[in-house]
Amino acid sequence: MAANDDYILELLIKHGLIQPSDMEDARRTASQNGHGPVEELVRGGLITSHDILRTTAAEAGVDLVEKIEAVPEEVVKAVPRQLAHRLSIMPLHLDGNHLRVALSDPFNFDALDTLSKELRYDIDPVVAPADQIETAIKRHYGNASEMVNTLIGGYSGDELQVHAATAGDAEATTGDDAHIIRLVNLIILEAHRLRSSDIHLEPLEKRLRLRYRIDGVLQVMTDPPKKLQAAIVSRIKIMSNMSIAEKRLPQDGRIQMRTGDGRTSIDLRVSTIPTNHGEAIVMRILDKSSLTLGLPELGFLSDDQATIEAILGMPDGIFLVTGPTGSGKSTTLYACLNLINKPDRKIITVEDPIEYQMSGINQVPVNEDVGMTFAAALRAMLRQAPNIIMVGEIRDLETASIAINASLTGHLVFSTLHTNDAPSAVTRLVDIGVKQFLVASSVRAIMAQRLVRRICTNCSQIYEPTEVELRSLNLKPQQLEQANFRKGHGCDRCRGTGYKGRMGIFEICVLDDEIRRMVNEKMSVTMIRQRARDLGMRTLREDGLRKVLGGMTTPDEVITATMGDKD
């Protein structure tokens with residue numbers, strides 16, 4: 001729903017569905033659980049999704065349609081398939097120049113304006129449940145797979161060998177080239193609509209496999225025809241400013257495009273690699289909305305949020321975020337930078353590559369071909385008198401030494417490191433050659449993190465975990481009494497997976513004087529970890545367990561993400 005939570009809360013109070021005290025309770029609980037306050041009211045049973053629809057419909061002065069029945073074909077044809085999918089609207093009735101459409105948010109004026117401008121109709125909106133609209137769109141228009149088939153349906157025989165290498169914009173081409181351009185655009189736009197983080201195009205012996213990574217899990221989509229492989233690859237390489245003549249070496253590029261309404265920008269990082277059946281392509285979709293996420297949206301509960309805010313308020317020192325590739329380290333650091341990005345602070349980052357463009361921050365790209373390494377960039381950055389520095393990754397002794405010296409001379413330094421848990425980062429720095437006393441005096445805090453999938457709130461239901469899951473989580477009887485085990489049974493909104501979106505689970509180790517002494521004396525990671533536990537550090541599994549008990553994720557997700565964290 002596009003209308004924000006604050007506005008919906010005001011409407012619910014105005015229509016007598018909740019009291020102001022209910023709103024404050026929901027906000028307080030939401031800040032602890034990482035949900036929105038409206039979602040908390042629904043989860044707590046004070047209101048239903050139907051109450052929200054009924055209230056917003058009444059406030060907007062439009063009708064509420066409970067169920068969308070069959071729609072005449074001539075009405076369906078009034079709205080193009082791609083427009084209905086993109087805006088999540090369903091046409092219901094056409095009378096002269098008046099088109100009646102269903103949407104889930106009557107205050108989504110962008111969608112209404114787009115319909116009016118593109119279709120030249122007077123739009124009469126009504127409100128309907130989002131799942132009813134999605135089901136009706138699939139029933140009358142088909143899903144994305146059928147859209148692909150429609151785009152390529154006109155090809156046959158030799159016509160499929162199109163010359164995409166010479167294709168420009170769709171408007172400047174005709175026939176086959178334009179079809180390939182539309183097909184590639186559709187693949188990207190559909191991935192964006194499904195909240196995919198990666199698009200994988202993989203040439204196999206007899207097929208060109210298309211997969212989207214959604215919430216960290218690869219999902220198979222309808223394959224484009226194998227005989228379109230060369231044309232699709234060429235088109236993507238043109239969009240990425242790569243050489244279409246070079247097919248023997250890996251290449252990297254970037255695509256920036258806008259959705260059809262021109263309001264949303266999609267930024268993709270593209271990588272190609274030659275395989276025995278052609279060039280494989282991975283397109284990473286860089287979701288700029290993650291830059292504005294607050295700490296609760298990332299998965300921090302109230303106590304961890306307070307700890308992180310205290311760390312971000314430190315005047316100097318190093319804050320390390322650790323974890324494997326794909327665990328959300330960069331997203332967390334960007335969100336932290338966004339939180340402290342104020343006009344009175346100068347922030348410089350050095351990254352390889354720069355993933356997100358952030359306003360108000362000086363971002364320096366690494367370019368080893370011309371000698372601009374992490375270390376060289378760091379040296380130059382220190383002469384720019386920054387308050388805060390972010391180093392994309394500490395990879396070697398030279399980079400680590402400069403970062404530590406910067407932290408000891410009054411700078412707050414953020415960086416990432418590849419270790420499995422938080423205390424291991426200390427020994428990792430020592431292993432690459434940093435002196436123990438420098439690690440002890442510079443590192444302020446270390447945070448390890450993993451990503452787990454959130455339960456879809458639309459199809460969430462009470463769930464009884466198995467004995468195996470309970471044993472794996474090592475739950476105490478008093479924890480079971482207060483547990484709210486939930487699992488999604490699968491719906492249209494989550495594509496039948498039971499999950500929608502992801503959040504972090506965290507292990508935060510703040511170094512005190514005792515831990516610094518232990519580092520100086522070369523004590524083992526086990527002893528450092530035990531001291532951190534004594535100070536209140538929760539392990540990754542323990543933090544995940546809190547989110548399982550709160551009904552935010554499932555035991556399977558936490559067990560899988562924390563297989564190495566069993567103590």
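The values are calculated or read from the model by the stated rules, or taken from the named source; none is laboratory data. These numbers come from a predicted model, not from an experiment. A quick note on method: Cβ atoms are made from the backbone with ideal geometry, for glycine too, and the neighbour counts reach across all protein chains shown. Note: areas computed on protein heavy atoms with side chains; ligands, DNA, RNA excluded. Shrake-Rupley method; radii C 1.70, N 1.55, O 1.52, S 1.80 Å.
Assorted remarks:
- Residue, nearest to ASN420 (Cα to Cα), within segment 497-510, restricted to residues that are part of a strand (DSSP E or B) and open to solvent by 10 Å² or more (accessible area, probe 1.4 Å): ILE508
Conditions (1) farther than 23 Å from ILE361 by Cβ; (2) surrounded by 21 or more Cβ atoms within 10 Å (Cβ to Cβ); (3) modelled with pLDDT under 90; (4) basic (Lys, Arg), marked per residue:
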residue: ARG383; (1), (2), (3), (4): no, no, yes, yes
residue: GLY392; (1), (2), (3), (4): no, yes, yes, no
residue: ARG395; (1), (2), (3), (4): no, no, yes, yes
residue: SER401; (1), (2), (3), (4): yes, no, no, no
residue: ILE404; (1), (2), (3), (4): no, yes, no, no
residue: SER407; (1), (2), (3), (4): no, yes, no, no
residue: LEU412; (1), (2), (3), (4): no, yes, no, no
residue: ASN420; (1), (2), (3), (4): yes, no, yes, no
residue: SER424; (1), (2), (3), (4): yes, no, no, no
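- Tally of residues being charged (D, E, K, R), in a loop (DSSP other than H, G, I, E, B) and open to solvent by 40 Å² or more (accessible area, probe 1.4 Å) across segment 343-381: 4
Residue-by-condition table, conditions (1) under 25 Å from ASP198 (Cβ atoms); (2) without any contact (Cβ under 8 Å) to a residue 24 or more places away in the chain; (3) polar (S, T, N, Q):
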residue	(1), (2), (3)
VAL321	yes, no, no
ILE348	no, no, no
ASN367	yes, yes, yes
ASN420	yes, no, yes
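- Residues satisfying the stated conditions in segment 505-514, i.e. without any contact (Cβ under 8 Å) to a residue 24 or more places away in the chain and under 36 Å from the mean Cα position of the chain (by Cα): ASP512
- Check on ILE47, open to solvent by less than 50 Å² (accessible area, probe 1.4 Å), assigned to a loop (DSSP other than H, G, I, E, B) and without any contact (Cβ under 8 Å) to a residue 60 or more places away in the chain: yes
- Any chance ILE285 is touching an Asp or Glu at 6+ places or on another chain (Cβ under 9 Å), at pLDDT 90 or above and open to solvent by less than 40 Å² (accessible area, probe 1.4 Å): yes
- Scanning segment 324-342 for any residue that is open to solvent by 50 Å² or more (accessible area, probe 1.4 Å) and over 23 Å from the mean Cα position of the chain (by Cα) turns up at least one such residue.
The rows are residues; the columns are (1) more than 24 Å from LEU286 (Cβ to Cβ); (2) in contact with a strand residue (DSSP E or B) (Cβ under 6 Å, 6 or more places away or on another chain); (3) of a type outside the set (Lys, Arg).
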| site | (1), (2), (3) |
| --- | --- |
| ARG182 | no, no, no |
| ILE188 | no, no, yes |
| HIS192 | no, yes, yes |
| LYS227 | yes, no, no |
| LYS237 | no, no, no |
| GLU246 | yes, no, yes |
| PRO250 | no, yes, yes |
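Results for (1) out of contact with any Phe, Trp or Tyr (no Cβ under 9 Å at 6 or more places or on another chain); (2) surrounded by fewer than 19 Cβ atoms within 10 Å (Cβ to Cβ); (3) at pLDDT below 55, shown as yes or no for each residue.
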residue	(1), (2), (3)
HIS93	yes, yes, no
ALA144	yes, no, yes
GLY154	yes, yes, yes
ASP158	yes, yes, yes
HIS163	yes, yes, yes
THR166	yes, yes, yes
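- None of ASN474, ASN484 is out of contact with any helix residue (DSSP H, G or I) (no Cβ under 7 Å at 6 or more places or on another chain), polar (S, T, N, Q), closer than 25 Å to GLY504 by Cβ and surrounded by fewer than 17 Cβ atoms within 10 Å (Cβ to Cβ) except ASN474.
- LEU480 meets each of the listed conditions (1) assigned to a strand (DSSP E or B); (2) of a type in the set (A, V, I, L, M); (3) free of Cβ contacts under 8 Å to residues at least 12 places away in the same chain apart from (1).
- Checking each residue in segment 102-135 for being exposed (fewer than 15 other Cβ atoms within 10 Å of the Cβ) and out of contact with any strand residue (DSSP E or B) (no Cβ under 8 Å at 6 or more places or on another chain) picks out PHE109, ASP110, ASP113, LYS117, GLU118, ARG120.
- Residue satisfying condition, being in a loop (DSSP other than H, G, I, E, B), more than 28 Å from the chain's Cα centre (by Cα), of a type in the set (Val, Ile, Thr) and surrounded by fewer than 24 Cβ atoms within 10 Å (Cβ to Cβ), within set VAL434, VAL439: VAL434
Residue-by-condition table, conditions (1) more than 30 Å from ALA561 (Cβ to Cβ); (2) loosely packed, with under 13 Cβ neighbours inside 10 Å; (3) in contact (Cβ under 8 Å) with a residue 12 or more places away in the chain:
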residue: TYR212; (1), (2), (3): no, no, yes
residue: LYS226; (1), (2), (3): yes, no, yes
residue: ALA230; (1), (2), (3): yes, no, yes
residue: MET239; (1), (2), (3): yes, no, yes
residue: GLU246; (1), (2), (3): yes, no, no
residue: GLN251; (1), (2), (3): yes, no, yes
residue: ASP267; (1), (2), (3): no, no, yes
residue: SER271; (1), (2), (3): no, no, yes
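- Residues that are of a type in the set (A, V, I, L, M, F, W, C) and either open to solvent by less than 50 Å² (accessible area, probe 1.4 Å) or modelled with pLDDT under 80 (or both), drawn from segment 456-467: CYS456, CYS459
- One residue alone among VAL75, VAL79 is part of a loop (DSSP other than H, G, I, E, B) and farther than 25 Å from ALA58 by Cβ, and that residue is VAL79.
- Residues located in segment 310-342, provided they are more than 20 Å from PRO423 (Cα to Cα) and part of a helix (DSSP H, G or I): THR331, TYR334, ALA335, CYS336, LEU337, ASN338, LEU339, ILE340
- Looking across segment 64-77, the residues that are crowded, with 16+ Cβ neighbours inside 10 Å and out of contact with any helix residue (DSSP H, G or I) (no Cβ under 7 Å at 6 or more places or on another chain) come down to VAL65, VAL75.
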